[in-house]
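The values are calculated or read from the model by the stated rules, or taken from the named source; none is laboratory data. This structure is a prediction, so every number in the text was calculated from the model and none was measured. Glycine also receives a Cβ, built like all others from the backbone with ideal geometry; neighbour counts cover every protein chain displayed. To get the accessible areas, we keep the full protein, side chains included, count just its heavy atoms, and leave off ligands, DNA and RNA. Shrake-Rupley method; radii C 1.70, N 1.55, O 1.52, S 1.80 Å.
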Amino acid sequence: MTAAKIFSAKTTVMKIPSKILLLFFAVLLSFQGRSSQILVPMDEAQRDHLKAYGLAYWTLENQIIIEWLLNYRGGSFLIPHLQRIEEELLLRNISYQVLADGQVNKIKSEIADPEVNMEVVQLEKAPKIAVYTPPNKLPWDDAVTLVLTYAEIKYDKIYDSAIVNGILPKYDWLHLHHEDFTGQYGKFYSSARMQSWYQQEVQRSEAAAAQLGFASTAALKRAVALNIRNFVIGGGFLFTMCSGTDSFDIALAAQGVDIQEAIFDGSPSDPRAQEKLDFNQTFAFQDFHIIKDPMVYEYSDIDGTDLRTQRQITEKSDQFTLFDFSAKWDVVPTMLTQCHVDVINGFMGQTTDFHKEFIKPNVLILGENKAANTAKYVHGTFGQGTWTFYGGHDPEDYQHLVGDPPTDLNLHPNSPGYRLILNNILFPAAKKQKRKT
């Protein structure tokens, strides 16, 4: 081999590594600059808070673990940066940011600071959801089914027969439609007994009770309430609003006690019904007094609706405040109160909120109406499970009347009141992040 050939060969050998080295650095820089995760902000920068929850749920359904950054920018979500997820974010018109590893590490370092009221929890598995709702169309809607549909979160509809036949163990999370578990047909007798929808509801309910082997609607509803109670004891998550709150607890307290007048079940109420109530069986309330008069549109004195008139609370001044919990120590209530505002416009219902004197001492108040001195949003544990009661009918319709059209959530994509419902949807999927010691 000549010197020229050797030089040429050496030169060639020298050039190849340099090209590979340049290519290696180019790939490395590209990889380091590439975004690693997606931040879905949940503060005022979010275009659609409600659909963001739906996206989080959809991600969990696809077996992708995500993180909920409690108290960071309104309770933001941190999601792996995958093309399919980004496409879904764009399709749903959800605000998001793409973050590099360094940016993510900076956020997590900020959250980990013991002086900062923030925390990270993992969301690992989409809970299987059931909504207890009647099969027939009643002249009012339900906020939970409205927001689940808007957020594109899947749920099954179940009712009395499914529950008494033992379907609840199939589910992780249960919502109770605005039901009357006392068997008094919503106490609508005074205002609606001549209306066809009310008469049809009474006939349908009585026929269903008879078919299932119960002597009355009230007996069936007590059995349903007891099954739901056992579902929670076994580890289930229960959420309910409006009359599904106090009427449920009343039904539990009145197991085996006739609290209905003859107009509802064909037999007079027990004259000693009040003293026979067993408050050990209830979730949230104790020492309340039932109202048996069929002409009075109340089940008991738990409800604080009348305080709006007594204390001159108007729609403009009716607000409730969320409590601020320690994210690092009180993870559960912090999850349930994630929101981009602390003060939320109030809204009425058959059960608008709850008199504090009837709330059990072990119940956690998540939100209160200071003007009325009532609790709006409460939470507790029972057995191995948890429950959450939320007063009022529709967070974006102050006084939703029978027959009013359902709320169009396309007009309220950032509703704080509806956000609280969806916090409860994700709650069963959460697992507290383990810290390195």
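Assorted remarks:
- Phi to ³J(HN,Hα) by Karplus 6.51 cos²θ - 1.76 cosθ + 1.60 over segment 249-266, Hz, x for Gly, Pro: 5, 4, 4, 5, 5, 9, 4, x, 10, 7, 9, 9, 6, 4, 4, 9, 10, x
- Under 5 Å, built H, 5+ apart or other chain: amide partners of Q255: D278
- Taking segment 329-354 and a reference point 7 angstrom along Cα→Cβ of D404, the backbone N atoms nearer than 20 Å belong to 344-354.
- Rounded if a/c under 1.5, otherwise prolate or oblate - segment 134-229, Cα gyration tensor axes: oblate
- Cα-based reach from K108 at 14 Å (exclusive), listing aspartates and glutamates while leaving out same-chain residues under 8 positions away: E67, E119
- Semi-axis lengths, Å, segment 354-437, gyration tensor of Cα atoms, sqrt of 5 times eigenvalues: 27, 21, 12
- Amide H to amide H, with H built 1.01 Å from N, E396 comes under 5 Å of no residue 5 or more places away or on another chain.
- The chain: angle of helix 3-33 to the longest principal axis, Cα-based, in degrees nearest 10: 20 degrees
- Whole-number percent relative contact order across segment 91-249, with pairs defined as alpha carbons under 8 Å at least 6 apart: 26 percent
- For a label point 7 Å along the Cα-to-beta-carbon line of S267, residues of segment 195-218 with backbone N under 11 Å: 215-216
- Computed lengthening from V296 to Q122, 0.36 nm per intervening residue step minus Cα-Cα distance: 57.9 nm
- Segment 206-255: C-alpha gyration tensor shape, a/c 1.5 cut-off, then a/b vs b/c: prolate
- Dipole of segment 68-193, positive end: most advanced residue of V164, S95, I79 [Cβ charges, Cα centre]: V164
- For the pair S317 and E275, a Förster radius of 45 Å applied to the C-beta separation gives a FRET efficiency near 0.70, rounded to the nearest 0.05.
- Per-residue Karplus couplings for segment 151-157, computed as 6.51 cos²θ - 1.76 cosθ + 1.60 with θ equal to phi - 60°, are listed in order as 7, 6, 9, 6, 8, 9, 8 Hz, Gly and Pro entered as x.
- In the chain, the calculated helix contribution to ellipticity at 222 nm averages -10500 deg cm²/dmol per residue, counting -39,500 (n - 2.57) for every DSSP H run with n ≥ 4.
- Given K51/K316; K157/K356; K221/K276, the pairs whose alpha carbons are separated by over 21 Å: K51/K316; K157/K356
- Two-decimal log10 I(q)/I(0) for segment 306-408, as the Debye equation yields it once each C-alpha is a single scatterer, q = 0.14, 0.20, 0.22 Å⁻¹: -0.58, -1.09, -1.24
- The chain - percent of accessible surface contributed by carbon and sulfur, probe 1.4 Å: 54 percent
- Accessible area per residue for the chain is 46 Å², calculated with a 1.4 Å probe on protein heavy atoms, without ligands, DNA or RNA.
- Taking other residues whose beta carbon is less than 12 angstrom from the beta carbon of Y398, and scoring Lys, Arg as +1 and Asp, Glu as -1, yields -4.
- Evaluating 6.51 cos²θ - 1.76 cosθ + 1.60 at θ = phi - 60° for every residue in segment 76-91, the Karplus couplings come out as 6, 10, 10, 10, x, 7, 10, 4, 5, 5, 5, 4, 5, 4, 5, 4 Hz, glycine and proline recorded as x.
- Accessible-area ranking of H340, H289, H379, largest first, probe 1.4 Å: H289, H340, H379
- Between I365 and F382, the contour length at 0.36 nm per residue exceeds the alpha carbon distance by 4.6 nm.
- Taking all Cα pairs closer than 8 Å and separated by 6 or more residues, the relative contact order of the chain comes to 18 percent.
- Spacing of the modelled spin labels on N230 and M194, each 7 Å from Cα toward Cβ, amounts to 4.4 nm.
- By accessible area with a 1.4 Å probe, ligands and nucleic acids excluded, highest first: order of R47, R222, R308: R47, R222, R308
- Projected label points at D330 and K356, each 7 Å from Cα along the beta carbon direction, are separated by 1.4 nanometres.
- Prolate/oblate/rounded label for the chain (Cα gyration tensor, a/c 1.5): prolate
- Kirkwood's formula applied to the C-alpha pairs of segment 40-199 gives a hydrodynamic radius of 18.6 angstrom.
- Distance distribution P(r), segment 86-138, all Cα-Cα pairs, bin width 5 angstrom from 0: 4, 12, 10, 13, 18, 13, 11, 7, 4, 4, 3 percent.
- Listed residues P395, F188, A253: farthest to the positive end of the dipole of the chain (Cβ charges): P395
- Dipole magnitude of segment 140-195 about its Cα centre (Cβ charges: Lys, Arg +1; Asp, Glu -1), debye to nearest 20: 160 debye
- Calculated FRET efficiency for the pair D156/K108, C-beta based, R₀ 30 Å, to 0.05: 0.25
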